[in-house]
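Asks: Can you read through this structure? Questions will come right after.
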Amino acid sequence: MASVDEVLEGKSICICAGSGGVGKTTTSAAIALGLAAQGLKVCVLTIDPAKRLADSLGLEELGNEARRVDPALFEEQGVEMKGELWAMMLDAKATFDELIARQAPDEESRDRVLNNRIYQQISSALAGSQEYMAMEKLFELHTEGGFDLLVLDTPPTRNALDFLDAPKRLTQFIEGKSLRMFMKPTGLAAKVTGRGVSVALGVFKKLVGFDLLADLAEFFNAFSGMVEGFQARAQRVNKLLADPETCFLVVCGPQGEPIDEAVYFHRKLVEADLPFGGVIVNKVHFPTDGHAEIDDLAGALADKLGDPELAKRVAANFADYQALAERDAHNIDHLASELRTSCVIRVPYLDEDVHDLAGLSQIDRYLFATAEERVEMAAGRA
Amino acid sequence: MRGYSYGTPLFLPPSEIARNQPIPELLDKRLVIVTGKGGVGKTTVAVALGLRAAAEGKRTIVCEVAAQENASRIFDHASVGFHEVEMEENLWSISIDPDESMREYVLLQLKVRAMRDMLFRSRIFNYLAAATPGLKELVTIGKIWELAQLDRKVKSGRKYDLVIVDAPATGHGVGFLQTPRTFASIARVGPIHSQAETLDRFITDHENTGAAIVALPEEMPVNESMNLERDLRDEVGVAVDRVYLNGLYPERFKKGEAEKLAQLAENENGAAKAAARAALSEFHRAKTQRAQLGRLKRGVEAPVKTLPFLFEPELDVEAARRLAGRL
């Protein structure tokens with residue numbers, strides 16, 4: 001069955017998606033490292049506010065532009081590097097500001113937007129702006145960066161749906177067609193619309209306070225010259241996401257909850273006509289060789305170890321491990337059948353945490369192996 | 001720190017839960033916020049705290065805010081939705097939907113249901129509500145506050161002694177809790193301004209509001225927990241009462257034994273080899289996890305409490321009950 005390099009053959013964008021805490025950041029970095037090691041020029045973009053990728057790559061700070069990972073680092077950690085690995089940590093606010101500067105017709109309009117409080121809220125705090133800016137940066141690097149492959153680590157959304165919907169929600173907000181019309185006191189709309197609208201506006205004003213409405217009006221005015229530019233760009237971003245050269249990988253863990261999330265997310269991808277490549281399940285307890293009853297095993301081990309009490313503990317621990325391995329196998333079977341895919345890449349629960357290049361290349365051994373090789377490695381035979 | 005060895009009964013009946021190590025500083029609050037990175041077991045800990053409080057006779061409600069319904073999953077209960085559903089004696093659960101909270105809030109403001117319904121039928125109103133940054137988060141926190149009131153405005157509202165919130169994952173978490181303050185500064189006048197201030201005061205009132213961070217004994221979650229404690233304290237003004245290190249492996253094997261096991265793994269095949277390898281993995285993980293525990297203890301101000309890894313396929317209410325005895 002497939003390995004990551006087969007799945008990503010001929011792709012120029014890889015988007016790792018999934019719920020929080022399943023190892024998306026690590027997986028993204030490992031994929032980027034693996035393909036860079038094979039000779040590609042790869043850039044990994046992460047959005048995580050906890051600077052996890054910066055830690056994994058031994059970088060103090062990634063900043064809002066792509067930087068090449070120091071080749072000396074690979075040598076230090078015994079990783080052979082044929083290509084180039086670049087990394088960046090997305091600063092959503094800075095990206096949004098850059099975008100405004102790009103789209104604004106003049107400095108005055110730019111500053112009006114940048115200084116608007118609604119804008120400041122949206123660009124830094126509104127759920128969805130991170131996702132939107134991730135797409136933006138992805139698009140920018142794709143058109144201007146000269147990379148063979150971009151790997152995007154998606155933000156830890158509350159649920160998978162946010163990630164796909166957020167950009168759309170945000171553009172709708174910025175467009176705000178209906179609202180902008182109502183904001184203009186002399187606009188035609190204000191004259192022809194009925195009492196319902198003015199009541200709604202009145203109540204809303206009462207609810208949130210007048211200042212907010214004024215700020216919104218100011219925001220839409222300041223933004224008015226840029227709406228078309230934003231729309232055009234958003235369309236190009238959407239096209240890029242649906243491009244056959246783009247590949248979505250769903251990342252999850254083997255427990256019931258992340259598996260359900262992965263199934264849900266896959267469904268959303270299919271509904272949105274986005275190219276799904278495969279699923280990576282992290283921290284899997286691989287099935288073991290041989291299946292023995294605890295007591296039999298404890299007896300057999302007691303002879304070998306010369307310590308019946310230790311043998312008992314080893315056997316009991318093994319029973320616990322097997323229960324987890326069975327659960328994982330069951331959940332992964334369920335996942336594969338729900339997704340109707342054979343492309344399920346399992347990465348074992350490693351003994352050590354992964355937070356450096358050596359750890360990432362340890363993961364790459366599994367990501368870039370065949371299914372058979374993975375089983376062999378996990379059983380300690382390869 | 002007390003680890004547990006294999007075979008120690010973890011299960012404690014409800015009566016035992018109440019007697020085992022009281023945690024007054026958390027459960028005597030009106031509101032407890034449970035937060036942490038995604039996938040660390042926030043919901044399990046929130047439910048365990050709820051079970052513990054309920055066992056102590058406190059009328060408790062566990063609130064989910066991300067519409068994931070993980071708590072009802074633990075209880076093996078159908079979705080609870082925007083209803084206060086009784087899960088056990090003294091224990092309720094609700095999934096707070098921002099749209100429903102908004103409807104309820106507006107009704108409380110307008111007093112007239114027909115007027116509220118008319119408003120929600122208006123496209124412009126819905127647009128404004130969706131477009132206002134942070135409004136959803138604000139009404140969600142508003143609902144949490146409402147649940148914690150002894151004199152509830154909602155008709156037939158039950159009185160709770162304790163409200164436990166299963167907060168959104170880190171990243172969203174701090175921003176979520178900051179919403180009232182941000183809102184109070186944007187909307188400088190009007191009813192929402194004073195309400196946002198009330199919510200902010202409520203969240204940052206350490207007499208009544210407590211917070212617990214859930215972490216895993218791994219490098220990144222430990223780093224994030226340290227940052228989270230700092231951000232909660234410095235940016236939101238919420239003091240963290242306790243950090244739960246969840247999923248700690250027991251120390252089942254000693255160093256000398258590990259050497260024997262390594263030999264066994266090397267020389268054997270089949271089940272014996274696999275069992276030796278599984279034991280070695282357990283040994284290594286237990287060891288690296290202890291190192292992370294040490295880092296966490298040095299890196300946070302709040303007391304750290306460990307919760308054992310549960311070797312079982314799915315975490316259900318009985319698993320949460322076992323953890324409840326160890327909070």
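Asks: Label the stretch B:285-327 by shape, choosing from rounded, prolate and oblate, from the square roots a ≥ b ≥ c of the eigenvalues of the Cα gyration tensor; if a/c is under 1.5 it is rounded, and otherwise prolate applies when a/b is larger than b/c, oblate when it is not.
Replies: Taking the square roots of the gyration eigenvalues as a ≥ b ≥ c, the stretch B:285-327 is oblate.
Asks: Would you compute the Debye intensity of the stretch B:105-248 from its alpha-carbon atoms alone, equal scatterers and no solvent, and pass along log10 I(q)/I(0) at q = 0.19, 0.22 Å⁻¹ to two decimals?
Replies: The Debye formula, applied to the Cα set alone, gives -1.21, -1.44.
Asks: Let me have the 222 nm mean residue ellipticity of chain B computed from DSSP H runs of 4+ only, each contributing -39500 (n - 2.57), with the sum over all residues rounded to the nearest 500.
Replies: Counting only the DSSP helices, I get -16000 deg cm²/dmol.
Asks: Would you list B:Arg52, A:Arg365, A:Arg340, B:Arg73 from fewest to most Cβ contacts within 10 Å?
Replies: So the residues, fewest neighbours to most, are A:Arg340, A:Arg365, B:Arg73, B:Arg52.
Asks: Counting Lys +1, Arg +1, Asp -1, Glu -1, what net charge surrounds A:Arg236 among other residues with beta carbon under 12 Å of its beta carbon?
Replies: After counting each charged neighbour, the total is -1.
Asks: Obtain the nm distance between the two label points defined at A:Ser337 and B:Arg188 by a simple spin-label model: each point lies 7 Å from its Cα along the Cα-to-C-beta direction.
Replies: 6.3
Asks: If you don't mind, there's one more thing I want to ask. Would you list A:Thr341, B:Thr44 from fewest to most Cβ contacts within 10 Å? Each step should come with its number before you reach the end.
Replies: Working: A:Thr341 17, B:Thr44 27.
Lowest to highest Cβ neighbour count: A:Thr341, B:Thr44.
Asks: Another question, then. Measuring from label point to label point, each 7 Å out along Cα→Cβ, what is the B:Arg121 to B:Glu197 span in nm?
Replies: 3.7
Asks: Residues of the stretch A:85-118 with the amide nitrogen closer than 12 Å to a label point 7 Å from the Cα of A:Arg236, along Cα-to-Cβ, please.
Replies: A:103
Asks: Report, in whole Å, the centroid distance computed from the Cα atoms of the stretch B:31-77 and the stretch B:116-168.
Replies: That distance is 19 Å.
Asks: Related question: To the nearest 0.05, what FRET efficiency results for B:Glu207 and A:Asp70 with a Förster distance of 35 Å applied to their C-beta separation?
Replies: Taking R0 as 35 Å, the efficiency between B:Glu207 and A:Asp70 is 0.10.
Asks: In the neighborhood of B:Gly36, defined by Cβ-to-Cβ distances under 11 Å, what is the net charge if each Lys or Arg adds +1 and each Asp or Glu adds -1?
Replies: In short, -1.
Asks: With a Förster radius of 30 Å, plug the Cβ-Cβ distance of B:Asn269 and B:Arg295 into 1/(1 + (r/R0)^6) and report the FRET value to the nearest 0.05.
Replies: 0.20
Asks: Computed FRET efficiency, Cβ-Cβ of A:Glu107 and B:Glu318, R0 56 Å: what is it to the nearest 0.05?
Replies: 0.30
Asks: Okay, moving on. Which far-off residues, 5 or more places away or on another chain, put their amide H under 5 Å from the one on A:Arg67, with H placed in the peptide plane?
Replies: The answer is A:Ala87, A:Met88.
Asks: Would you mind classifying the stretch A:210-266 by shape? Square roots of the alpha carbon gyration tensor eigenvalues, ordered a ≥ b ≥ c; an a/c under 1.5 is rounded, otherwise it is prolate if a/b is larger than b/c and oblate if not.
Replies: oblate
Asks: Can you classify the stretch B:153-204 as rounded, prolate or oblate using the Cα gyration tensor, where a ≥ b ≥ c are the square roots of its eigenvalues, rounded means a/c under 1.5, and otherwise it's prolate if a/b beats b/c and oblate if not?
Replies: It comes out oblate by the Cα gyration axes.
Asks: Separate question: Which whole-number percent gives the relative contact order of chain B, counting Cα pairs below 8 Å spaced six or more residues apart?
Replies: On the way: 544 pairs, mean separation 82.8, N = 327.
Once divided by the residue count of chain B, the mean separation gives 25 percent.
Asks: Can I ask one more? Which ordering of B:Asp166, A:Asp353 is given by a fewest-first count of other beta-carbon atoms within 10 Å?
Replies: In increasing order of surrounding Cβ atoms, one gets A:Asp353, B:Asp166.
Values in this text are rule-based calculations from the coordinates and carry no lab data. Please read these numbers as outputs of a predicted model, since none were measured by experiment. No Cβ is skipped: glycine too gets one built from the backbone with ideal geometry, and neighbour counts run over all protein chains shown.
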